[in-house]
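The values are calculated or read from the model by the stated rules, or taken from the named source; none is laboratory data. Model, not experiment: these values are computed from the prediction. Glycine also receives a Cβ, built like all others from the backbone with ideal geometry; neighbour counts cover every protein chain displayed. Remember, those area values only see protein heavy atoms, side chains included, never the ligands or the DNA or RNA. Shrake-Rupley method; radii C 1.70, N 1.55, O 1.52, S 1.80 Å.
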Amino acid sequence: MEYPSIPGTTSLPYDPLPPISLTDLPPTLTSPDLPNPNSKSIFAFWKTGIATLPPYLLRNVLNWHRRYAPLGWQIYVVDTVPDSPLHISHFIDTTSPSVVPEAFRNGTLDGDYVAQHTSDLVRFPLLLRHGGLYMDVGILHFGDIDSLWTQRIANPSSPYDFAGVTMGDYPEISAVNFWLMSGPQNPLIARAHHILLKLWEGKTNTKGASGHPLVSHLPLMRVPQEVTVEEEGKEKMIIDDAAMTDYAVQIQCLGAAQRWLDEEGGWDGPRYMREKCWFYSMIEHTYVHEQMTSWTSKKQHELFSLALPGDGEEESEDQLLARRIVEKVVGESWCIKLGHGFAAKLFGADTLGMLWKKHDGTDCKEGTYGGWLRWAEVNCKQDSAPKPLDIPSYEPTIKARLIL
């Protein structure tokens, strides 16, 4: 099908790779060569391996590959599958206490979010060793990764050496951990990783981690309302600000490093933020679809499942809204971030990602707004990159030695 053009975009100036079968993945994705430092590498994680990704998530990864492989990018979906070419131990030293905590090394991670925390514990080490981009498999990407990397982050004449997405309002701002771009040994990631390892000392999960002195100088993340979750065979879970922060404590570690002043060690987090970071707002650049549907996943699923009007047909109100979402997401924002388990518990309903999983193929059916979105991932280039946030001056929340 020939989809409509999208305002603010043009066709890619090169041919993307052709469609790839979900059941016949190319060796470049299943057994790639190991990366060199500062090479064009996109890292992601799926505990049981790339071939076991649910189809709607695998399509995300395949679309990254189709769009960016012609520009020299290599996709690595690392895993913990024994004897896998993509086993995380091939990429980082999983025996070193300076790389991963004891619970990771001896396989004693526990709690409700083992897979998520395993993923959290490898993303900083991957970037510190190799550089490149780490992003979650739940991301549909529309902004130009290659231009940001070549013109800003890997360009020696550019002042920027870190790019990411932020949450919170100033001065309570933290980089989130689902999209991180840097060269090897980035100073912000190195400090956040040091703090994270300290939080994991003597622990097998992150319960209570938000109270650790290295991050307790930050306010807790906020949830819209306290939620009690009861699941058969499991202990009752109360999701409040502390539980949310414990779950996403890696983000607190980034926030702590961003607001840390260590004059003796030569680290000024607020200054680094202002001078070295290219940031996009999480709300404005990853959750456009949520804002335009009042955070209603069922509505999002219905809209993306609609067929585009045929020749001579008028748009319905829902079709008009679906078109506006696609045009704004593709033409003006950076990506779509799909939420899953924790988000579903917090909001008490299936997320868009979970609905796409339950209704296989509704994320990409030809002729629908979801199909149009998928087409745009691979074929559309934004005419101009979204402008980064202007980081104002703010005071550090802690002044102390931070020994790496």
(request) Filter the stretch 298-333 down to residues that are among the small types (G, A, S) and modelled with pLDDT of 95 or more and give me whichever is farthest from the chain's Cα centre (by Cα). (result) S316
(request) Just name the residue that is surrounded by the most Cβ atoms within 10 Å (Cβ to Cβ) out of those in the stretch 33-53 that are in contact (Cβ under 8 Å) with a residue 24 or more places away in the chain and outside any loop (DSSP other than H, G, I, E, B). (result) A44
(request) Name the single residue, out of those in the stretch 58-92 being open to solvent by 10 Å² or more (accessible area, probe 1.4 Å), polar (S, T, N, Q) and within 18 Å of the chain's Cα centre (by Cα), that is farthest from L17 (Cα to Cα). (result) Q74
(request) Filter the stretch 249-264 for residues that are of a type outside the set (D, E, K, R) and open to solvent by 10 Å² or more (accessible area, probe 1.4 Å) and give the result. (result) I251, L261
(message) Take the conditions crowded, with 20+ Cβ neighbours inside 10 Å, in a loop (DSSP other than H, G, I, E, B) and aliphatic (A, V, I, L, M) and apply them to L218. Does it pass?
(response) yes
(message) Looking at (1) crowded, with 19+ Cβ neighbours inside 10 Å; (2) hydrophobic (A, V, I, L, M, F, W, C); (3) without any contact (Cβ under 8 Å) to a residue 40 or more places away in the chain, which one does W267 not meet, given that it meets all the others?
(response) (3)
(message) For the stretch 270-306: of the residues being of a type in the set (V, I, T) and assigned to a helix (DSSP H, G or I), which is most open to solvent (accessible area, probe 1.4 Å)?
(response) I283
(request) Please find, among E377, E395, E366, the residue that is farther than 30 Å from S98 by Cα and part of a loop (DSSP other than H, G, I, E, B). (result) E366
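From the list A349, A322, which one is of a type in the set (A, V, I, L, M, F, W, C) and surrounded by fewer than 17 Cβ atoms within 10 Å (Cβ to Cβ)?
Every option except A349 fails the conditions.
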(request) Being under 20 Å from L261 (Cα atoms), buried (at least 24 other Cβ atoms within 10 Å of the Cβ) and among the aliphatic types (A, V, I, L, M) is the filter here, so list the residues in the stretch 165-187 that pass it. (result) A175
